[in-house]
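This report concerns only the one structure given below.
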Amino acid sequence: VLNTSPHTHRLALLNHIVTALHKATQLDWIGIYRLVYISDSSTNSPVSHLMKEAYQGAISRALFPVTSAFAKHSNNSTVALSGRGRLIQDTGTYEGAYYVCDLAVQSELCLPILDPDSGAVIGLIDAESFTPGFFDAATILLVSQACQVLGDNRLYITHRTLNHMYKPYTSGEIGRAS
């Protein structure tokens, strides 16, 4: 039953995407998170969280609260709340919100995945390197394209989506497969 579940299939395809990005960019860690709502047992109200669905790299935190309090020290939560990507080329000198998952991480790129109709954040890609200044324009563009494709498909990936995703893009058509 597990192998025929559409959720298992979707997660396997998301894993394929992070594996391909990991290989193409030589990132030390990369993950795709989905925005989910979990009921707070004390208030019985839904609280938004980022839930890791696929990743390559060391084991790390799987769930991030998306609250203004947690965003004070979390890059991922800050991006989820603002809808704006964040590039940190040197974590050692960065003075903003930052959650340390691994002391070896020296640079990080966190980009939102947006719903194509509303523009609301539905997830994000978090990418990390053990090298300061790692993120060049080509790497940022590749991760941005993946966010665009994932958003256009609302994080529901199919084999057809994957075939279009690997089409070579130019900067004028980022993430838009014909």
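Any number yet on Rg/Rh for region 77-135, C-alpha, Kirkwood?
Computed over Cα atoms, the ratio is 1.02.
With a 1.4 Å probe and all protein chains in place, put 68, 82 in order of accessible area, largest first.
68, 82
Provide 53, 95 ordered by accessible surface of protein heavy atoms (probe 1.4 Å), highest first.
95, 53
Please give the solvent-accessible surface of residue 103 in Å², to the nearest 10, using a probe radius of 1.4 Å with every protein chain present.
Near enough 150 Å² of accessible area.
How long is the gain from residue 102 to residue 42 if the chain were fully straight, where each residue apart is worth 0.36 nm and the alpha carbon distance is subtracted?
Contour length minus Cα-Cα distance gives 18.5 nm.
Within the set of other residues whose C-beta is less than 13 Å from the C-beta of residue 31, count the net charge using Lys and Arg as +1 and Asp and Glu as -1.
Net charge around residue 31: -3.
The values are calculated or read from the model by the stated rules, or taken from the named source; none is laboratory data. This one's a predicted model, so the numbers in the text were calculated from it and none came from an experiment. As a convention, Cβ positions derive from the backbone with ideal geometry for all residues, glycine included, and neighbour counts pool all protein chains shown. When the accessible area is computed, the model is the full protein with side chains, heavy atoms only, and any ligands, DNA or RNA have been set aside. Shrake-Rupley method; radii C 1.70, N 1.55, O 1.52, S 1.80 Å.
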